[in-house]
Structure formats: C-alpha cells, structure tokens
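Contents: one structure, followed by commentary.
FYI, it's all coordinate maths here, none of it is from the lab. Here the structure is a predicted model, which means the values were calculated and not measured. Every residue, glycine as well, gets a Cβ built from its backbone with ideal geometry; the counts of neighbours run over all protein chains shown.
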Amino acid sequence: MTLQARVQTQLGTLHLNCDVSVDSNVTVAVLGPNGAGKTTLLRVIAGLLPVAEGRVEVDGVVFEDSESGAWLAPEARRVGFVFQDHGLFPHLSVLDNVAFGLRARGMDRKVAATKAHEWLERVDLGRYADSRPSALSGGQSQRAALARVLVTDPQALLLDEPLAAVDASGRLELRRALREHLSTFSGVRLLVTHDPLEAASLADRVIVLEEGHVTQEGPFSEVSARPRSAWIARMAGLNLLRGVVSGEAILLEDGSSLTVATDVAGPALATIQPRAIALYRQAPEGSPRNVVRCTVAGVDPEGDRWRIRLDGPFPLVAEVTPAAAAELRLAEGGEVFAVVKATEIDVYPE
Amino acid sequence: MTRGVTRRPLIGLVIPAAVAVLFIALPLIGLLAHVDWSNLPSELVSTDVLTALRLSLECSAIAVVIALVIGVPLAYLLARTSLPGRRVFRGLVTLPLVLPPVVGGIALQTAFGTTTPIGTVLHHFGIVLPFSTAGAAIAEAFVGFPFLVITVEAGLRQRDDHLEEVAATLGARPWRRFWQVTMPLAAPSIAAGAALCWARALGEFGATITFAGSFPGTTETLPIAAYSSFEGSGQVGEAITLSLLLLAISILVLVVLRDRWLGALR
C-alpha cells in the first residue's frame with residue numbers, strides 16, 4: 001500500500017507545492033515550522049480541501065486528479081484523520097463516538113457498538129464507554145480519537161500534531177503509547193508535527209516541509225545530522241553554512257572562507273556543532289585552525305552549557321561552560337574570537 | 001467587572017436609572033394590584049378564558065412548528081453557506097421584527113386573502129386562511145419566526161463546521177452529518193429560538209386581528225380576548241385575568257431562557 005500526493009494549491013499566502021510518497025508499514029512524519037502547509041497537506045489528502053493542481057492516490061484508488069477531474073468526497077475516502085483537537089463529538093458518548101464511523105458506513109447498531117467496545121478496551125478506555133468526551137484527559141481523548149478511526153479499518157492514517165493537545169507532563173508516556181498503537185496499524189501512517197523530538201520518536205522517516213516545499217527527506221538521524229535548511233539545522237542545534245568548496249577551503253556566501261578537510265568539491269553545505277567552537281578573548285597566534293572574529297549577540301544560559309549567539313561574517317552559535325563564559329567575561333556586544341578545527345566542520349554536497 | 005473607578009456610581013445617572021426601573025415595574029404592580037385574587041381561580045377556569053387559552057396554545061404551537069420547519073433550514077443556509085444574496089435574505093427575515101404587526105396583517109391579507117391568486121388556489125383545496133384558526137397561526141408564525149431564525153443562525157455561527165468535517169472523514173454523508181452532528185449541536189439554540197418564537201406568537205395581536213379577526217373560539221386568542229373584554233364589553237376583571245395569565249407565561253419563558261440570555265450578557 002502506498003500513498004502518493006502531488007499537490008499544488010494556494011491558501012492565503014501559503015503556496016503549497018509538494019510531492020509526497022508514503023509506503024505502508026512505516027511511519028512518516030511531515031516536519032516543519034508552523035504555517036509550512038503541513039495541516040493543509042493532510043486536509044488535501046482527506047478531501048477537506050481541493051487542490052488547484054495535482055493528484056492524490058492511495059493504494060491504486062485515485063482520490064483526486066486535477067487532470068482527469070476525478071474527485072472523491074471525503075466520506076468516500078477510506079482515510080482515518082486524527083485531528084489536532086481530536087474532534088470528538090461532545091454530544092455523543094465515548095462509545096458512540098467510536099461507533100460513529102461504523103454506523104456512518106451502514107453497520108448495524110449492535111454490531112457497531114460491540115466493535116467499538118472492543119477498540120475502547122484495546123486503548124484502555126473501556127470504563128469510559130458511557131462518559132462524555134469532556135470527561136476524558138488530553139491523552140485519553142487522543143486515544144479515543146485514534147480508536148475511532150482505527151475501528152473503521154482505513155487505508156491511511158493521518159495524524160495532525162498528535163501530541164499538541166496534551167500537556168507536557170503526559171507526553172513521554174503518551175509518545176510511547178502512541179508508538180505502540182501506530183505499530184499495530186499496517187496501512188499508510190502519516191503524521192505532521194513541528195516538534196523534531198516527536199518526529200524522531202514516532203517516525204521512521206521524515207519529510208521536512210518549509211513554506212509549502214519539501215526541503216529534505218530521509219531517516220531522522222540523517223536529516224538532523226546533515227540538514228539542508230536553516231530551520232532544520234536550528235532544530236538539530238547545528239550551525240549551518242552554505243558555500244562552494246575548492247581544495248582545502250569552503251568559500252562562503254558572505255565572501256569569507258574556512259579551511260575544511262573534505263573530498264567534496266563544488267556547492268556544499270557545512271555544519272559545525274556549537275560545542276566544537278572554542279572562544280578566545282584574543283586571536284590565537286600561529287594557529288592552523290579557523291579563526292573568526294565575532295561580537296556576542298546574546299547569551300542564553302541553559303544548565304551547564306551556555307549558548308552564545310555570535311555575529312560575525314556569518315552568524316554562529318557556540319556552547320561553553322558557565323565557568324568559561326565567566327572567565328571570558330562574555331557580554332552582549334563584546335568581541336570574541338571563535339576558533340574551529342577543520343576536522344570539526346562536516347561538509348556535504350548541496 | 002466593577003473596577004475601583006466605577007464603584008461609586010454617578011448620582012446623575014442613578015436617578016434616570018431608577019425612573020427606568022419604575023417605568024417597567026409600576027404597570028406590573030398596577031396590574032397585580034387590580035387582580036381580584038378571590039375570584040381569580042373561578043375566572044381562570046371560566047369557559048371564555050379557557051377557550052382563548054386553548055386557542056392561543058394551539059395557534060402558537062402551529063406557529064412554532066411552521067417556524068421550525070422553514071426557519072431552521074433558512075438559518076442553516078444563512079449561517080453555513082455562501083448563498084448569493086445572503087445579506088438581503090437576512091434583512092428580509094428580520095423585517096417582521098421591526099414591521100408594525102398591523103402592516104404584517106394587511107400584507108398577509110394582500111398575499112393570502114380569498115381574492116388573491118394564492119388565496120384562490122388554496123380555496124380550491126378547501127383552505128381559507130383569512131379569519132380562520134389557520135390564518136391566526138400563519139399570522140403568529142409570520143411575526144414569530146424571525147426570532148427563531150436569528151437565534152438558530154447565531155447558534156450555528158458560534159461553531160465552525162469542524163465537527164462536520166470530522167464526521168465526513170469518518171464516512172458520514174451530508175444528510176447524516178446534518179442530522180447527527182449539526183442539529184444535535186444546535187439543539188440548545190433551536191430550543192431557545194423556538195421558545196422566543198412561541199412567546200412572541202402567544203402575545204401576537206396586531207397581525208392576527210388584522211388577518212384573522214377576533215372570533216371567539218376560532219381566532220380570538222388570549223391577547224385579543226384581553227383587548228376585547230377591556231375595550232368592548234367593559235369586563236376589566238376578565239381582561240386583567242387574561243393579562244395576568246400572559247404575564248405568568250412571559251415570566252416562565254424568561255426563567256427558562258434565563259441562563260441562555262442573561263448568561264450571555266454576564
């Protein structure tokens with residue numbers, strides 16, 4: 001089973017233009033900042049939003065094709081959509097909520113109730129069958145919403161920011177439970193999130209969506225180690241530089257250059273771990289390493305590592321211990337020299 | 001929200017405000033003062049009063065049913081669709097709110113009177129609206145249904161169609177979404193709108209007397225009976241009894257809707 005969505009549509013200021021392909025039995029996360037078009041993509045797949053141009057197909061069933069004019073109404077698409085707010089019907093009992101999809105597809109009331117009850121037991125909500133959704137906690141209501149779509153045996157499962165409506169204290173446990181429930185579903189699993197941690201823990205593969213465009217795709221470890229956009233680099237806590245490698249140097253966009261140790265040639269990206277950057281009050285003499293003169297733009301104390309934001313030929317973030325920060329008398333506007341070894345710069349083709 | 005600055009009211013505002021309260025309260029006190037409490041039970045169950053009450057309940061109930069059947073769909077279309085000319089329709093619906101009821105009665109007469117095209121067609125099927133119980137109900141519906149439409153529309157607007165979308169992704173077709181999601185969620189506003197419509201229909205006078213006249217047992221509803229006994233036969237006592245009955249019903253409606261209406265203002 002696969003889901004293929006080629007989508008081009010304009011929504012307000014957002015121009016969504018992406019091509020996404022998801023195989024069944026792997027969880028894929030669409031990761032991106034707010035307003036990147038992640039929810040819009042899910043709504044298009046579910047049929048809640050028409051596209052200007054494109055094609056959505058799940059397992060050979062054409063949901064929508066702007067070329068042939070084919071279009072399936074949302075109720076005719078076998079897609080399970082778990083909304084960010086979970087979308088439980090407040091006027092129905094938890095059991096009737098879970099049975100809703102079965103009843104809508106014509107299942108007998110008794111049979112539907114029995115099946116719904118089974119699923120409520122599976123997500124450990126059996127004792128809430130007769131309660132109203134308002135009696136459920138965030139995590140419970142999410143499980144109810146999940147049971148409500150899984151009971152209908154959809155071809156594809158779409159989850160919009162699955163943990164956003166749950167308070168932080170319950171997330172760890174909920175992430176574990178959600179991962180478990182996701183693994184029992186063998187169809188297409190597509191979730192969207194702005195939280196890299198969520199993508200890393202729930203998904204096998206991530207698709208990075210920024211301003212309506214896919215900027216990167218792959219396993220999370222790969223994407224976060226070798227980011228291709230400033231946003232994903234920041235999420236991964238890395239400094240990202242863009243330039244052209246020739247020989248032992250990378251020439252950056254601002255005209256400055258750094259010594260690197262790489263086989264890559266031509267347009268390339270380079271990342272530097274913040275902790276690989278050493279800071280000095282005075283420029284070290286005769287060092288073979290890269291020395292960049294910077295001013296301190298900001299100091300963010302974070303536990304035993306302080307993040308120092310630097311302004312220079314290009315912006316950098318360095319991490320130092322509080323003791324080192326005190327010794328260097330780091331303050332906003334002060335001058336420092338950032339020093340990086342060539343071997344600490346990871347270079348990969350653009 | 002009483003802030004420190006406004007905690008001490010301006011004396012200049014207290015006096016007109018007190019006048020306003022008296023302005024409402026005095027007529028009610030006057031009414032209560034003139035009730036002949038000892039004869040009240042027997043007057044309440046007199047045939048005249050009971051006939052008018054039964055007729056009023058009948059007509060206003062029919063009016064509410066008419067308003068529900070045609071008003072809820074209209075409210076839904078106004079609230080949830082981008083129907084062309086929506087603003088014009090909304091204005092048209094609210095017109096009976098400000099239109100003098102007598103004008104409404106005359107307008108109904110010109111549309112459904114026995115000599116009009118519609119009246120002729122209806123007559124063909126043995127239906128005569130003017131000066132009939134059905135006509136009284138129609139007049140009451142005309143004046144009362146804007147209350148229902150406005151209340152239900154506001155209720156539907158309070159919520160977007162997100163839960164209908166949820167229902168669609170769960171496989172529910174449009175009619176199922178309407179009956180299983182939209183209507184149950186709008187039920188409180190439909191109930192409130194129906195109660196307001198009913199109260200307005202129950203007190204309807206001008207349009208009813210113009211379109212349906214005042215025939216005891218056929219079109220002489222409570223307010224019309226109160227007016228006739230007050231003006232015509234000089235039976236002030238019966239007029240007061242009927243007025244008291246209407247006042248009691250009004251208070252009942254107010255109590256039932258208290259949380260919904262006064263709660264929204266709090």
### Task
Give, in nm to one decimal, the length gained when the segment between A:Glu350 and A:Thr114 is fully stretched (0.36 nm per residue of separation minus the Cα-Cα distance).
79.4 nm
### Task
In whole Å, largest first, what are the principal axis extents of the Cα atoms in the protein assembly as shown?
119, 69, 49
### Task
Highest first, please rank the peptides A:320-327, B:74-81, B:206-213 by the mean number of other Cβ atoms sitting within 10 Å of their residues.
B:206-213, B:74-81, A:320-327
### Query
Can you list the GluC sites (Glu not before Pro) in the range A:40-73 that are in a DSSP coil and have 11 or fewer other beta carbons within 10 angstrom?
A:Glu67
### Query
What does the charge dipole of the range B:44-265 about its Cα centre add up to, to the nearest 20 debye, if the Cβ of each Lys and Arg holds +1 and the Cβ of each Asp and Glu holds -1?
800
### Message
Over the Cα atoms of the range A:56-122, what radius of gyration and what Dmax do you get, in Å?
### Response
15.0, 45
### Summary
Expressed in angstrom and ordered largest first, the alpha-carbon extents of the range B:44-265 along the principal axes are 65, 44, 27
### Task
Neighbouring Cβ atoms within 10 Å as the yardstick, rank A:Phe337, B:Phe112, B:Phe125, B:Phe23 fewest first.
B:Phe125, B:Phe23, A:Phe337, B:Phe112
#### Entry: Footprinting exposure proxy for A:Leu92, B:Leu108 (fewest neighbouring C-beta atoms within 10 Å first)
A:Leu92, B:Leu108
### Task
Taking the Cα centre of chain A as origin, work out the dipole magnitude from +1 charges on Lys and Arg Cβ and -1 charges on Asp and Glu Cβ, in debye rounded to 20.
840
### Task
May I ask which residue of A:Thr271, A:Leu14, A:Leu120 lies farthest towards the positive end of the charge dipole of chain A, with charges of +1 (Lys, Arg) and -1 (Asp, Glu) on Cβ and the Cα centre as origin?
A:Leu120
### Task
With the convex hull built on the Cα atoms of the range A:238-349, state its orientation-averaged projected area in nm².
6.6
### Query
Which residues in the range A:150-192 have a backbone N closer than 16 Å to a point placed 7 Å from the Cα of A:Val61 along the Cα-to-Cβ line?
A:150-158, A:186-190
### Task
State the answer as a single residue: which of B:Ser46, B:Gln109, B:Leu252 lies farthest towards the positive end of the charge dipole of chain B, with beta carbon charges of +1 for Lys and Arg and -1 for Asp and Glu, about the Cα centre.
B:Leu252
### Message
Amide H of A:Leu157 versus every other amide H placed in the peptide plane: which residues, excluding those fewer than 5 positions away on the same chain, fall under 5 Å?
### Response
A:Gly80, A:Val188, A:Arg189, A:Leu190
### Message
Net charge within 12 Å of B:Arg90 by Cβ-Cβ distance, Lys/Arg positive one each and Asp/Glu negative one each, not counting B:Arg90 itself?
### Response
+2
### Summary
Residues whose built amide H sits under 5 Å from the amide H of A:Val20, excluding neighbours closer than 5 in sequence, are A:Ala5, A:Arg6, A:Val7
### Query
Nearest 20 debye, what's the magnitude of the dipole of the range B:1-82 about its Cα centre given +1 on Lys and Arg Cβ and -1 on Asp and Glu Cβ?
760
### Message
Using alpha carbons only, how many angstrom separate the centre of the range A:199-215 from the centre of the range B:102-151?
### Response
63
### Query
Is there a simple number for the mean count of other chain Cβ atoms within 10 Å of the Cβ of residues in B:158-168, and what is it?
5
### Query
Which whole number gives the average count of other chain Cβ atoms within 10 Å of the Cβ atoms across peptide A:86-96?
3
## Note on the structure
Low-density loop trypsin sites (Lys or Arg not before Pro), the range A:229-307, at most 12 other Cβ within 10 Å, DSSP non-H/G/I/E/B, are A:Arg281
### Message
As a footprinting exposure proxy, order B:Val65, B:Val93, B:Val166 by other Cβ within 10 Å, with the fewest listed first.
### Response
B:Val65, B:Val93, B:Val166
### Message
Straight-line reach from A:Lys110: which aspartates and glutamates fall under 16 Å, measuring Cα to Cα and dropping same-chain residues less than 8 apart?
### Response
A:Asp96, A:Glu118, A:Asp130
### Query
chain A: percent of C-alpha pairs farther apart than 27 Å?
56
### Task
Work out the mean other chain Cβ neighbour count within 10 Å for the residues of A:66-75 and drop it here as an integer.
2
### Message
Once each part is reduced to its C-alpha centroid, what is the distance from the range B:52-74 to the range A:102-158 in angstrom?
### Response
40
